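Undergrad: Right, I'll just put the structure down here and ask away after.
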Amino acid sequence: MAWSLVFLGVIVLLSAFSGPGVGGGPMPKLADRKLCADQECSHPISMAVALQDYMAPDCRFLTIHRGQVVYVFSKLKGRGRLFWGGSVQGDYYGDLAAHLGYFPSSIVREDQTLKPGKVDVKTDKWDFYCQ
């Protein structure tokens, strides 16, 4: 009985001190609105090339390496306007799973526009959800 209470106490303490995004859940919103190619933000706006490395500070962001191709799916507006949402091109054999996330627009150069990013879309909690 006493050991089960100690074990429960340890679990509670560990969960209280785990960092943000550990175990999944909503994270703070970066912006309230974004520009996309369509209402669902399912089509890429453009293709860009990373000009420098970027290490993701948390699960909402992408880690990008210099020279990687980045597919841009959204451009945040308002307070988050310096960030775009997208996905990096995986390796040739497809070993890397596609991952969507945000990155500073200043670290990429847009090389090819695929669709105009003129559809104004409201962000929701799923845009900033960590798994």
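Undergrad: Given C-alpha coordinates of the stretch 26-125, what is the ratio Rg to Rh with the Kirkwood estimate of Rh?
TA: Details: Rg = 12.8 Å, Rh = 13.5 Å.
The Rg/Rh ratio comes out at 0.94.
Undergrad: Something else now. Among 77-84, 117-124, how do they line up by average Cβ neighbours within 10 Å per residue, starting with the highest?
TA: Those peptides, ordered most packed to least, come out 77-84, 117-124.
Undergrad: Collect residues whose amide H, placed 1.01 Å from N in the peptide plane, falls under 5 Å from the amide H of residue 100; neighbours closer than 5 in sequence don't count.
TA: Answer set, sorted by chain and number: none.
Undergrad: Could you check the spin-label model distance between residue 126 and residue 49? Points 7 Å from the Cα along Cα→Cβ, value in nm.
TA: Simple spin-label model gives 3.5 nm for this pair.
Undergrad: If you plug each phi of the stretch 100-115 into the Karplus form 6.51 cos²θ - 1.76 cosθ + 1.60 with θ = phi - 60°, what whole-Hz ³J(HN,Hα) values come out, in order, with x for Gly and Pro?
TA: Once θ is set to phi - 60°, the couplings for the stretch 100-115 become 8, x, 9, 7, x, 5, 6, 9, 10, 10, 6, 9, 8, 7, 9, 8 Hz.
Undergrad: Using modelled amide H (1.01 Å from N, peptide plane; none on Pro or chain starts), what sits under 5 Å from the amide H of residue 63, excluding residues fewer than 5 places away?
TA: Residues meeting the amide H criterion: 56.
Undergrad: Something else about it: Under a point spin-label approximation (7 Å from Cα along Cα-to-Cβ), what is the residue 32-residue 58 distance to one decimal in nm?
TA: 2.0
Undergrad: I'd like the distance between the alpha-carbon centres of the stretch 98-122 and the stretch 38-76, rounded to an integer number of Å.
TA: 6
Undergrad: How big is the charge dipole of the stretch 26-125 about its Cα centre, in debye rounded to the nearest 20, if each Lys and Arg gets +1 on its Cβ and each Asp and Glu gets -1 on its Cβ? Display every interim value, and only then the final one.
TA: Details: 14 positive and 11 negative charges, 112 e Å.
Dipole of the stretch 26-125, to the nearest 20 debye: 540 debye.
Computed from the coordinates by the stated procedures, all read-outs in this text should not be read as laboratory data. This is a predicted model, so every value here is computed, not measured. As a convention, Cβ positions derive from the backbone with ideal geometry for all residues, glycine included, and neighbour counts pool all protein chains shown.
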